[in-house]
Amino acid sequence: MFEYAPAPESRSIVDIAPSYGLFIDGEFGEAKDTFKTINPATEEVLTEVALAGPEDVDRAVAAARRAFTSWSARPGSERAKYLFRIARIIQERSRELAVLESLDNGKPIKESRDVDLPLVAAHFFYYAGWADKLKYAGFGPEPRPLGVAGQVIPWNFPMLMLAWKIAPALATGNTVVLKPAETTPLSALFFADVCRQAELPPGVVNIVTGAGDTGRYLVEHPDVNKVAFTGSTEVGRQIARSVAGTGKKLTLELGGKAANIVFDDAPIDQAVEGIVNGIFFNQGHVCCAGSRLLVQESIADELLSSLKRRMATLRVGDPLDKNTDIGAINSRAQLDKIVELSEIGGQEGAERWSPPCELPDRGFWFAPTIFTGVTQAHRIAREEIFGPVLSVLTFRTPAEAIEKANNTPYGLSAGIWSEKGSQILAVADKLRAGVVWANTFNKFDPTSPFGGYKESGYGREGGRQGLEAYLA
Amino acid sequence: MTATATSRLSGLPDSPADLRTFLHGLPGVDKVGIEARAAALGTRSVKTSSKAQAIDLAIRMVDLTTLEGADTPGKVRALSAKALRPDPADPTCPPVAAVCVYPAMVPTAAAVLAGSGVHLASVATAFPSGQAPLEVKLADTRDAVAGGADEIDMVISRGAFLAGDYGKVFDEIVAVKEAAGPAHLKVILETGELGTYDNVRRASWLAMLAGAHFIKTSTGKVDVNATLPVTLVMLEAVRDFRERYGRQVGVKPAGGIRTTKDAIKYLVMINETCGDDWLHPDWFRFGASSLLNDLLMQRTKLTTGHYAGPDYFTLD
């Protein structure tokens, strides 16, 4: 057997301070109340960060409000300079950021290095390009910024979600108070340092760390004009309720239970890759993950045996090893949720399969898993698991595939695998999902708008459409 | 369709229409997807002990090749000597798998290699274009075998393949295999002239159904030779063929593989596509000339800790 020797990326490339305060008005403050952030692969404490209370959020919003007047008055070309500068610094420091992201989040270095960070830089470059062209974006002759944006982001793509939120906000002349997720605050704090390095005016970007309460203070703050949230549908509902009637503009990017539809004329080997990428990318911690595989019954056996063979080559382990395909689950709480839903899947009669794989003793781990014999009535076919767990369902005709794919309260993404172009177009047209991928999956690009139907949220991020949420 | 293929496999005549139906019924290959997969496998990091293991395996898989109009007995003798002992300074360095020469040079190489365990391959069948009458190709093959070649690298008629005349390609392979007698048959698809990955997959199956022991990417004489995605399509084909018919077929990428880094990418691809069974010189070969010296340089670097200059390795 050809074994790959360990090939770990060096963690000494990035400096982590023993504690981090809040980043408000261009300065890191002292941390009073704090909480710990850990490496989910080892449960080792990485550092302590400040827990922002209502007064802290108040100060951050006030700083953003002060900065807004001069930031929004600058010509777009001037704002673009800062964004270009930020994008270049991110590229220059991407190795540090990739290691930091993998340490704090648990995702494999291969992904943070080759997917997350390149997309982060691309997002800043893309919106930098829009900053001086807003008049021509199709939102009226004199589109104006909204003011202070309160942004709350999730733990699955900490740095990328920060880029999706901050880049369009700054390009359009808004100022920002951003709250990173409780379990993954470090890349946002690193980004604060990038802002200083880029000499971004104080107060334009403020980072407040904390848990759910901090997020609530921020979105409920009366001086916030715009709320942008990415996370669970449950929290999204609470935010929609609290924002209702306040005049704040709101975008929500929430959960999903995407159907990945494989027709009998699909390119089988590439479809298998797409299924693997669809559900095991980032440990399945992806709102648009292809967590429901809909496979045409006539090729189901063949496809499943190929899929199992492929899954047996997935390498689960140390996120910093360059050969790791699947890293650690982000937190104990998330692991518990995945374990619980998987047990329910077994109890409800679905057949569970995982390739033989050794999991480390410490840290939070879950082997890549598929459930076959799943029906629409099973909870694992309806609820978002947000882990490396795939539910396999079958269909007989294209009409049945469409019906099953749409039979979910969500509508964020979907995939179609077929060699027949006419079939791809016909099916894509009928799927109620914000993104439909054809013969690929989990492909992202800053020029392409992203967002959902139904309980997957509203508003679009990315592309020209992503500007609209930040303009009046 | 299974019945068709089985009868083809056992050499029974069948209608060209059945062959066409079978080959066009194979699942398609998505170009973007296969290239992305090959590129992703290329990012595997193979270091230290795995690298040493990979280098020795790659050396044992080399078909050390010279296919020039300027080849002389002297050149071929030197190359054959190098095949037996690639690194004169280090007796632990394994020999290569085979020497690959034109039929006219076979007796010269045979004299050096006899009894050594290093195979002697010869390109036959009007290599590289294959544009000659069948009788000429068969005579070419018989000559090479009579001269001492125990492996024959034949080319398919790309013209016939692209014209859709699969029956002709099939029958030629069967005839050459018969002419080759006990020698192992490697069938060169010349993937750089086939144009699409779908064609590469079809040509792979066609060659295997006709009885090929190995399928080989290229002659090394056209613009595009072995690539990772093309080899990946062929590895998937041999894997699926064995699953279906129980017979294992080898794969040989040839042309354009020059560095250790490249060679390791191929080994990773075998490892994660077909697994262990193909990680052996009986089932995978590199058709190459300059690759060997780069492997030797990297091998020396690993054992001594420093790089030696190119002058410390023999030219041929």
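Just so you know, all these numbers are worked out from the coordinates, no wet-lab data involved. Everything numeric in this text was worked out from a predicted model, so none of it was measured. Note that we place each Cβ from the backbone using ideal geometry, even for glycine, and neighbour counts take in every protein chain shown.
What is the local net charge at A:Ala333, summed over the other residues whose Cβ is closer than 12 Å to its Cβ (Lys, Arg +1; Asp, Glu -1)?
With Lys, Arg at +1 and Asp, Glu at -1, the net is -1.
Distance between the C-alpha centers of region A:267-281 and region B:36-87? Whole Å please.
So the separation of the two Cα centres works out to 33 Å.
Of A:Ile338, A:Asn323, A:Ala367, whose Cα points farthest to the positive end of the dipole of region A:259-438 (charges on the beta-carbon: +1 Lys, Arg; -1 Asp, Glu; origin at the Cα centre)?
A:Ile338
Angle check, please: helix A:186-197 long axis (alpha carbons) against the longest principal axis of chain A (alpha carbons), in degrees 0 to 90, nearest 10.
40
Can you tell me the Rg and the Dmax, both Å, for the Cα atoms in region B:49-134?
Here Rg and the maximum Cα pair distance are 14.5, 50 Å.
Could you tally up the Lys pairs in region B:165-243 with alpha carbons closer than 17 Å? Skip any pair fewer than 8 positions apart unless they're on separate chains.
5
Rounded, prolate or oblate: which fits region A:5-97, taking a ≥ b ≥ c as square roots of the Cα gyration tensor eigenvalues, rounded meaning a/c under 1.5, else prolate when a/b beats b/c?
It comes out oblate by the Cα gyration axes.
If amide H atoms are built 1.01 Å from N in the plane of the peptide, which residues on other chains or at least 5 residues away come under 5 Å of the amide H of A:Tyr20?
So A:Tyr20 has HN proximity to A:Glu48, A:Val49, A:Ala50.
What per residue convex hull volume, in Å³, comes out for region A:274-387 when only alpha-carbon positions are used?
Here the figure is 108 Å³ per residue.
Using Cα atoms only, what is the angle between the long axis of helix A:54-73 and the major principal axis of chain A, expressed in degrees (0 to 90) to the nearest 10?
So the inclination is approximately 70 degrees.
Quick one: work out the % antiparallel among DSSP beta bridges in region A:259-438, nearest 5.
Roughly 10 percent of the DSSP beta bridges within region A:259-438 come out antiparallel.
So, with +1 on the Cβ of K and R and -1 on the Cβ of D and E, and no other charges, what is the size of the charge dipole of region A:98-222 about its Cα centre, to the nearest 20 debye?
The calculation lands at about 260 debye.
Fewest to most neighbouring Cβ within 10 Å: what's the order for A:Cys357, B:Cys93, A:Cys195, B:Cys100?
Starting with the residue having the fewest Cβ neighbours, the order is A:Cys357, B:Cys93, A:Cys195, B:Cys100.
Convert 10 °C to kelvin, take the viscosity as 1.306 mPa s, use the Kirkwood radius over C-alpha pairs of chain A as Rh, and evaluate the Stokes-Einstein diffusion coefficient in µm²/s, rounded to a whole number.
Approximately 70 µm²/s, per Stokes-Einstein.
Could you tally the net charge around A:Leu100, taking each other residue with its Cβ under 13 Å from the Cβ of A:Leu100, Lys/Arg +1 and Asp/Glu -1?
Result for the local shell: -2.
If one computes the Cα centroid of region A:71-92 and of region A:297-331, what distance in Å separates the two points?
40
Do the sum for chain A: with -39,500 (n - 2.57) for every DSSP H run of n ≥ 4, divided by all residues, what is the mean residue ellipticity at 222 nm, to the nearest 500 deg cm²/dmol?
It lands at -11500 deg cm²/dmol.
Taking square-rooted eigenvalues a ≥ b ≥ c of the alpha carbon gyration tensor, is region B:191-289 rounded, prolate or oblate, where a/c under 1.5 means rounded and, failing that, a/b exceeding b/c means prolate?
oblate
To check you understand DSSP bridge types, tell me what percent of the beta bridges within the protein assembly as shown (both residues inside) are antiparallel, rounded to 5.
Given both bridge residues lie in the protein assembly as shown, the antiparallel proportion sits at roughly 20 percent.
If a/c stays under 1.5 just call it rounded; otherwise compare a/b with b/c (prolate if a/b is bigger, oblate if not). Do that for region B:127-175, with a ≥ b ≥ c from the square roots of the Cα gyration tensor eigenvalues.
Prolate shape, in that a/c is at least 1.5 and a/b is the bigger ratio.
Out of the DSSP beta bridges found with both residues in chain A, what percent are antiparallel (nearest 5)?
Of those bridges, close to 30 percent are antiparallel.
Can you return the aspartates and glutamates within cross-link range of A:Lys226? Criterion is Cα-Cα under 17 Å, with same-chain partners fewer than 8 residues away left out.
A:Lys226 reaches A:Asp58, A:Glu253, A:Glu461, A:Glu468.
Can you tell me which lysines have their Cα less than 27 Å from the Cα of A:Lys420? Leave out same-chain residues fewer than eight positions away.
Straight-distance partners of A:Lys420: A:Lys257, A:Lys308, A:Lys404, A:Lys430, A:Lys443, B:Lys31.
Once both axes come from the Cα atoms, what is the angle between helix B:31-41 and the longest principal axis of chain B, in degrees from 0 to 90, rounded to 10?
The helix B:31-41 is inclined about 30 degrees to chain B.
What is the sum of charges around A:Ala300, taking Lys and Arg as +1, Asp and Glu as -1, for the other residues whose C-beta is under 11 Å from the C-beta of A:Ala300?
Net local charge, A:Ala300 excluded: -3.
Quick check: convex hull over the Cα atoms of chain B, volume per residue in Å³, rounded to an integer?
Convex hull of Cα atoms, per residue: 125 Å³.
Could you give me the ³J(HN,Hα) list for region A:117-128, computed from phi with Karplus coefficients 6.51, -1.76, 1.60 and θ = phi - 60°, whole Hz, x at Gly and Pro?
Calculated HN-Hα couplings, in order: 5, x, 5, 4, 4, 4, 5, 5, 4, 4, 6, 4 Hz.
Stick to Cα atoms and the Kirkwood definition of Rh, then tell me Rg/Rh for region A:321-472.
When Rh is taken as the Kirkwood radius, the ratio is 1.00.
Return the long-range amide H neighbours of B:Phe284 (sequence gap of 5 or more, or a different chain), with a cut-off of under 5 Å between placed amide H atoms.
Distant-sequence amide H within range of B:Phe284: B:Val251.
Mind jotting down the three principal axis lengths of the protein assembly as shown based on Cα atoms? Whole angstrom, largest first.
Here the Cα extents, ordered largest to smallest, are 92, 61, 54 Å.
Please work out the Cα center distance from region B:201-262 to region A:107-182, rounded to the nearest Å.
Distance between centres, Cα-based: 46 Å.
Among B:Lys137, A:Lys81, A:Lys32, A:Lys257, rank each residue by its count of other Cβ atoms within 10 Å, from fewest to most, as a rough exposure measure.
Ascending number of Cβ neighbours within 10 Å: A:Lys32, A:Lys81, B:Lys137, A:Lys257.
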